[in-house]
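Asker: One structure, pasted below without further comment.
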């Protein structure tokens with residue numbers, strides 16, 4: 001099998017591991033810089049060009065599209081889909097996951113447990129917005145933020161009002177969520193592949209920090225998840241439409257709460273914490289499912 005890996009940097013741990021896993025299983029793997037791709041959007045023979053070369057002959061594509069290039073990255077992936085190349089995750093599903101508000105609305109409609117979340121546009125509605133999520137302390141999140149960037153814990157009502165008004169003054173899109181104190185600064189990252197949780201780790205925030213992201217200094221360890229947590233992770237990935245997903249869950253008094261569904265989960269933390277060959281499992285998924293023109297949306301939507 002000939003596999004394309006869409007990634008800006010071939011030296012990133014996740015990209016490197018996917019190449020290693022593909023070659024270990026007897027496949028060809030090539031890293032393609034997403035932003036160096038350019039497209040011929042033709043009715044009868046759509047194509048992708050890369051540094052003067054016509055990219056054809058790939059059986060599957062693994063998108064490692066960063067949040068900052070979602071628009072262009074999913075356009076490139078959509079072109080691969082139109083050419084009949086099987087995607088590990090489809091462009092439509094990646095766009096759903098990257099739109100945090102949309103993904104939460106989809107999860108809410110399906111009855112998935114999640115923190116109470118508020119969204120507003122006018123500063124006149126701030127007081128009611130804060131009350132809606134149960135008052136302070138509460139969490140304020142930039143919709144475009146990643147890896148814990150743009151996430152603020154407001155411990156008092158006054159602080160919450162000030163931060164929300166400041167973000168609104170900058171015309172930033174934010175959402176406000178209840179703070180789950182019993183989680184103790186920890187969350188669970190479940191790695192879902194093909195409808196199964198294949199690995200799970202607990203991420204614990206460092207002292208004095210409430211964000212558990214490993215990029216923020218959090219620590220990771222192997223964790224045993226409950227059947228309810230497993231079902232929440234699997235269902236969340238399915239609702240967003242992702243074959244491969246990192247589902248972040250908080251343990252609360254009312255059960256597991258899904259915080260976010262990530263379409264390009266990092267592999268380093270979860271492979272280190274669990275000792276599992278997650279990259280190999282992703283390649284195995286492609287071996288099972290990669291067939292020409294098998295994309296559900298075929299580049300539509």
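Asker: Stretch residue 72-residue 124 to full length: gain in nm at 0.36 nm per residue minus the Cα-Cα span?
Answerer: Working it through step by step, the gained length comes to 15.2 nm.
Asker: Would you work out if the range 1-146 is rounded, prolate or oblate? Take a ≥ b ≥ c from the square roots of the eigenvalues of the alpha-carbon gyration tensor; rounded if a/c is under 1.5, else prolate when a/b is larger than b/c, oblate otherwise.
Answerer: Prolate.
Asker: Related question: Please determine, in degrees from 0 to 90 and to the nearest 10, the orientation of helix 13-24 with respect to the longest principal axis defined by the Cα atoms of the chain, where the helix direction is its Cα long axis.
Answerer: Between helix and principal axis, roughly 30 degrees.
Asker: Going by the alpha-carbon gyration tensor, a ≥ b ≥ c the square roots of its eigenvalues, is the range 182-283 rounded (a/c under 1.5) or, if a/c is not under 1.5, prolate (a/b greater than b/c) versus oblate?
Answerer: oblate
Asker: Efficiency by 1/(1 + (r/R0)^6): what FRET value for residue 155 and residue 252, r their Cβ-Cβ distance, R0 = 22 Å, to the nearest 0.05?
Answerer: Working: r = 19 Å, r/R0 = 0.85.
Calculated value: 0.70.
Asker: Please label the shape of the range 117-179 as rounded, prolate or oblate, based on the square roots a ≥ b ≥ c of the eigenvalues of the alpha-carbon gyration tensor (a/c under 1.5 means rounded; beyond that, a/b larger than b/c means prolate, else oblate).
Answerer: It comes out oblate by the Cα gyration axes.
Asker: Of all beta bridges DSSP finds with both residues in the chain, what is the antiparallel percent, to the nearest 5?
Answerer: Details: 43 of 54 bridges.
Taking every DSSP beta bridge with both residues in the chain, the antiparallel ones total about 80 percent.
Asker: Mind ordering 95-105, 72-82 by average Cβ neighbours within 10 Å, highest first?
Answerer: 72-82, 95-105
Asker: May I pose another question? Could you check what % of the DSSP bridge pairs in the range 2-95 are antiparallel, to the nearest 5?
Answerer: Close to 40 percent.
FYI, it's all coordinate maths here, none of it is from the lab. This structure is a prediction, so every number in the text was calculated from the model and none was measured. Backbone-built Cβ (ideal geometry, glycine too); neighbour counts: all protein chains shown.
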